[in-house]
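Report on the structure given below.
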Amino acid sequence: MLGLLFFVFVLAIFLGVELISKVPSQLHTPLMSGSNAISGITIVGALVATGQPHGGTLVTVLGVIAVAAAMINVVGGYLVTDRMLAMFKRKDGGSK
Amino acid sequence: MTEILQPFINYFYIVASVFFIVGLKMLNHASTARRGNVVSGIGMLIAVIATCLYTGMEFHWIIVGCLIGAAIGAVASYAVKMTAMPEMVGLFNGFGGLASLMVSWAEFHKWHDMGWTEYYATLGTGAPDSTAFTAFAIAFTALVGAVTFSGSLVAYLKLSERITGKPILFAGQQIVNGLILVVALGAITYLCIAPEASVAYTVFTVIMVTGLIIGVTSVIPIGGADMPVVISLLNSYSGIAAAAAGFIILNNVLIVAGALVGASGIILTKIMCKAMNRSLANVLFSGFGSTTTTAKAGAVQGEAKPISADDAFYILEAARSVVVVPGYGMAVAQAQHVVRELGELLAKNGCDVKYAIHPVAGRMPGHMNVLLAEANVPYEQLVEPPDVNPVMATVDVAIVIGANDVVNPAAREDETSPIYGMPIINVDEAKTCFVLKRSMASGFAGVENPLFFKDNTRMLFGDAKASVTALVGQFKDAG
C-alpha cells in the first residue's frame, strides 16, 4: 500500500512539472491561484477528521477549523481565479 | 445505502484526480483556461462528495465549517481589488496551510488518544502498521502546514503594507533560523523513534510551534520585490503539506493533488528566480535590498531631467512607436485603466503601442498581465522582454510607469550592482524614455538607477495615475 502511494506521489510530481512548464507568463497568476485552490484538497482530510466520530471534542474543534480554512482556500481560490480568467477571456474571444 | 458505495470511493478519487490534471492542462492556454478552472473545481466537488460517502460520517459540524469557510471565501474573492490580488492569493494559500496543520493535529490527537492499533483500524485496510511512518507523516504535515500558514500571513502583511515591505534583518538571523530548524528536525526524529513516549504530545507541540516560527523568520528577511518568488514557493509548500496529509490518512487524491500543486509551485519559483538571474538560496537568505548600495563614482552622475505633462504630450503626439513598461507603481496608483486609455489614444493617433511585461514586475507572477487584462488592454499588445529588446532602438518613446529595477541598466553595465546580470527591459536604448515616478527614491531592491540620469531620459514626477490622466487630457483637448 505504502509503496504504491509513493509510486503515485512521484509520478504526480513529474506530471505536475510537465503540465506546468510550458504555461505562458501571461497566465502565471491564474495558474498560481488555480493551483492554490487545488491545494485546498486537504479538505478531504479535514472532512474525515471532523465527520468520523472517533476523537472527542478537541478533534471536532480542530476538524471544524480545518474544514472552514480549507473551504476558504477552495471557494476563494476558484472564484478569484474565475474572476481573473473572465477578464482574459473577454478579449481573447475576438482575437483567436 | 452508503455501505455498497465504499469500494467505489477510491474510484471517485481517481476521477477527481483526472479532473485536476485536465484542468491544470487547460490552464496552459488563454482560450481554455477559464473552462480548465471549472473542470478543476468539479474535481474538487467530486472529491468532497466521495469523502462524504464514508460510512459513519456525521455532518452537522462539517456543515458548520463548510458554511463559514465558503461564505468567507466567496465574499473575499468578490470584494478583492485586482491590484490587491497578490496578498489575497497569499492569504488563501495560508488557509490551505492552516487546514493541513489542523488535520495533522487532529490525526495526532486521535492516534495518541486511542493508541495506534485502534487508530489504524479506523483507517481501514491497507494501514501501514508502522508507527514510525505515521509519526513522520503527521510531524512533517504539521511542520510544512505551519510554515505555510505563518509564512503566508507574513507575506500577506508585507504585500498589503500592514508591515514594511523592506527586508527585516537582525544580527545572527541565519544562525537563529538554523537552530530553530535543527530543533524542529530533532523533534520530528524523536517522534518517529519514540511515538509512545510520555512527552510525545509536548514534542508534537514543539514541531507545530517551531513551524510557525520558521514561517515568520524565513519570510520577514525577504524584500517586496522578491515576493513573486516567495508567493510561488509558499504555494508549493501548501501542496506538499496536502500531499503529506495524504500519507497520514492514506488517501490517494490528497497525494496526487498535493504533488501537482507542489510541482507547479516549484516550477513557478524556478521561472521567477531565472527572471531575476538569482538562485533560490540568494532570494531566501541574502536579505536583498536591505541596504542601498552607493553607486560607483562615475556610474551614476549628472542630473535627472524633469519634464512637464505638456512637453511629454508633444513628444508623444509625434511618436510613431511607444513601449509602455508597467511595474508595481502602476498597481499602487491603480493606473491601469487610464494607461489603457492613453494607449488607445496613441493608437488612434497612428502610433504603434506595445506593453512590455517583465516576468517579475509587480508582486506576484503575472501581476501586470492581470491588471492590464482588467483594463481591457488587447492581449496582442503585450510583449515579453526578449521580443521587445532587439527592436528597442527603433522605439520613439518608452514610458516606464512605476517600474524601476526591471528597467535598471546597471543590471547590464555595472558589475558591482547587486542586480547585475538580471535580464531587464532595455528602455534606455529607446530614442526617448519617460519615467513616471513619485520621487527619486530607489526601487524596492534599494539599487540606484542610472536610467534616471541618461541623456534621453525625462522624469515625469507625480502620482502615476495623475500623470497619465494629464496626458490623456492633453490628447483629448488636441483631438
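Specify the residue that is nearest to A:G34 (Cα to Cα); the eligible residues are those in region B:320-370 that are β-branched (V, I, T) and without any contact (Cβ under 8 Å) to a residue 40 or more places away in the chain.
Taking the candidates together, the pick is B:I357.
Would a scan of region B:37-54 turn up a residue that is outside any helix (DSSP H, G or I) and without any contact (Cβ under 8 Å) to a residue 60 or more places away in the chain?
Yes, some residue in region B:37-54 is outside any helix (DSSP H, G or I) and without any contact (Cβ under 8 Å) to a residue 60 or more places away in the chain.
Any residue in region B:68-90 that's touching a residue at least 40 places away in the same chain (Cβ under 8 Å): show its pairings with residues that are of a type in the set (K, R) at Cβ separation under 7 Å, as long as the two are six or more apart or on different chains.
Listed by first residue and then by second, the contacts come to B:P86/B:R363.
Give me the residue from region B:379-395 that is at the interface with chain A (Cβ under 9 Å from one of its Cβ atoms) and over 22 Å from B:V332 (Cβ atoms) and, out of that set, modelled with the lowest pLDDT.
Applying the filter and picking the extreme gives B:Y379.
Which one is modelled with the lowest pLDDT, of the residues in region B:359-378 that are facing chain A (nearest Cβ under 7 Å) and closer than 13 Å to B:G343 by Cβ? Show your work before the answer.
Taking region B:359-378 and keeping what is facing chain A (nearest Cβ under 7 Å), we get B:359, B:364-367, B:369-370, B:373-374, B:376, B:378.
Still in the list and also closer than 13 Å to B:G343 by Cβ: B:376, B:378.
Numbers: B:N376: 90, B:P378: 87.
Among residues in region B:359-378 that are facing chain A (nearest Cβ under 7 Å) and closer than 13 Å to B:G343 by Cβ, the one modelled with the lowest pLDDT is B:P378.
Tell me whether region B:78-86 contains one or more residues that are part of a helix (DSSP H, G or I), at the interface with another protein chain (Cβ under 8 Å from one of its Cβ atoms), at pLDDT 95 or above and more than 28 Å from B:V15 (Cβ to Cβ).
no
Hey, can you tell me all the residues within region B:345-358 that are touching a strand residue (DSSP E or B) at 6+ places or on another chain (Cβ under 8 Å), more than 10 Å from every other protein chain (Cβ to nearest Cβ) and outside any strand (DSSP E or B)? Let's see the steps before the verdict.
From region B:345-358, those touching a strand residue (DSSP E or B) at 6+ places or on another chain (Cβ under 8 Å) are B:346-347, B:351-358; that's our starting set.
So of that shortlist, the ones also more than 10 Å from every other protein chain (Cβ to nearest Cβ) come out as B:346-347, B:351-356.
Those that are touching a strand residue (DSSP E or B) at 6+ places or on another chain (Cβ under 8 Å), more than 10 Å from every other protein chain (Cβ to nearest Cβ) and outside any strand (DSSP E or B): B:L346, B:A347, B:C351.
Any chance region B:109-125 includes a residue that's outside any loop (DSSP other than H, G, I, E, B), of a type outside the set (S, T, N, Q) and under 21 Å from B:I214 (Cα atoms)?
No, region B:109-125 contains no residue that is outside any loop (DSSP other than H, G, I, E, B), of a type outside the set (S, T, N, Q) and under 21 Å from B:I214 (Cα atoms).
Kindly evaluate B:L157 against the criterion of being of a type in the set (A, V, I, L, M, F, W, C), away from chain A (no Cβ under 12 Å) and assigned to a helix (DSSP H, G or I).
Working: of a type in the set (A, V, I, L, M, F, W, C): yes; away from chain A (no Cβ under 12 Å): yes; assigned to a helix (DSSP H, G or I): yes.
Yes, satisfied.
Quick check: is even one residue across region B:87-105 among the β-branched types (V, I, T), in the same structural domain as B:Y237 (by TED's automatic domain parsing) and over 15 Å from A:I65 (Cβ atoms)?
Yes, there is a match, as at least one residue in region B:87-105 is among the β-branched types (V, I, T), in the same structural domain as B:Y237 (by TED's automatic domain parsing) and over 15 Å from A:I65 (Cβ atoms).
Within the group B:I266, B:I315, which residue is away from chain A (no Cβ under 14 Å), part of a helix (DSSP H, G or I) and modelled with pLDDT of 90 or more?
Among B:I266, B:I315, only B:I315 is away from chain A (no Cβ under 14 Å), part of a helix (DSSP H, G or I) and modelled with pLDDT of 90 or more.
The values are calculated or read from the model by the stated rules, or taken from the named source; none is laboratory data. Since we're looking at a predicted model, the values are computed, not measured. Here Cβ is always computed from backbone atoms with ideal geometry, including for glycine, and neighbour counts include all displayed protein chains.
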